[in-house]
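Everything below concerns the one structure shown next.
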Amino acid sequence: MSATGSTERAGSRTPAWVRPAVPPGSGPATRALLVAFAVATAVDLGSLLAGWHTGHLIAKPLLMPLLVAYVVTLGAPRLLIAALLFGWGGDLALLFDADPAFLIGMGSFAAGHVCYLVLFGRHSLFGRHSLFGRRRTGPLLGAAYAAALLSTVTLLWSDLPAELRIPVAGYSLLLTAMAYRSSVLGRRAGLGGALFLLSDTLIATGVAEWPQLPRPDFWVMATYVAAQYLLATGALAAQRAYGREALQGSTTS
């Protein structure tokens, strides 16, 4: 067996949702943008681990624009681009350590979650199925997310500043809905939604002044960047899969 054949067989055994999201035939610009996003992510996370605040200030604002540029080269839908850009707005706001900036950032992220929810729920003009296929969320998953929402808000409530309790509770409801609905696009996007929920929960525990993991900002950013990447590439993968399904249906009808 040739080395190429062995590599292809090994690749075929790798679950699709964990493979790098660079479709066959992608141009050099697409690959360069993905590399740039990976480098900016490494610089940001490395800066947080090293306690180099200047590196974080430089790298963090670059993350979402690079991811947006990457998905644009792959024909991303406008709602996905809008969701990522609202995430960028939230990133910039949270660079400032003040309550108004926190609320502005939370509002920007909330707008991004609305974009994601509309994206997940949009219907095709050609039928009643989801734009990205026929996957559906299950009641057990919904119950798990509902339990997570209720327990988290209940536990955090008394430790949050009074003026942030209602906004955090409302945002948490929207975020949990997004995380739950993300699984309609498959495992990759579903994992992205779960990681987004985890990342923002870590932020909320910091606001509530709960005991934190060492280098808490590192864990917040690591889960957040992974979440946005998985949501974006999961949406693109589902879009491609739906396109192939529609094409096959038209050729067999």
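Couple of notes before you dig in:
- Rg/Rh, computed from the Cα trace of region 53-118 with Rh as the Kirkwood radius, has the value 1.02.
- Charge tally around Y171: other residues with Cβ under 15 Å, Lys/Arg +1 each, Asp/Glu -1 each, net -2.
- Accessible surface of S158 - all protein chains present, 1.4 Å probe, nearest 10 Å²: 80 Å²
- Ranked from largest to smallest solvent-accessible area, with a 1.4 Å probe on the protein heavy atoms, I81, I104 come out as I104, I81.
- With the whole protein complex present, T54 retains an accessible surface near 70 Å², based on a 1.4 Å probe.
- Area accessible to solvent at F196, 1.4 Å probe radius, in Å²: 0 Å²
The values are calculated or read from the model by the stated rules, or taken from the named source; none is laboratory data. Nothing here was measured: the structure is a model prediction, and the numbers come from that model. Neighbour counts run over all protein chains shown; Cβ positions are idealised from the backbone, glycine included. When the accessible area is computed, the model is the full protein with side chains, heavy atoms only, and any ligands, DNA or RNA have been set aside. Shrake-Rupley method; radii C 1.70, N 1.55, O 1.52, S 1.80 Å.
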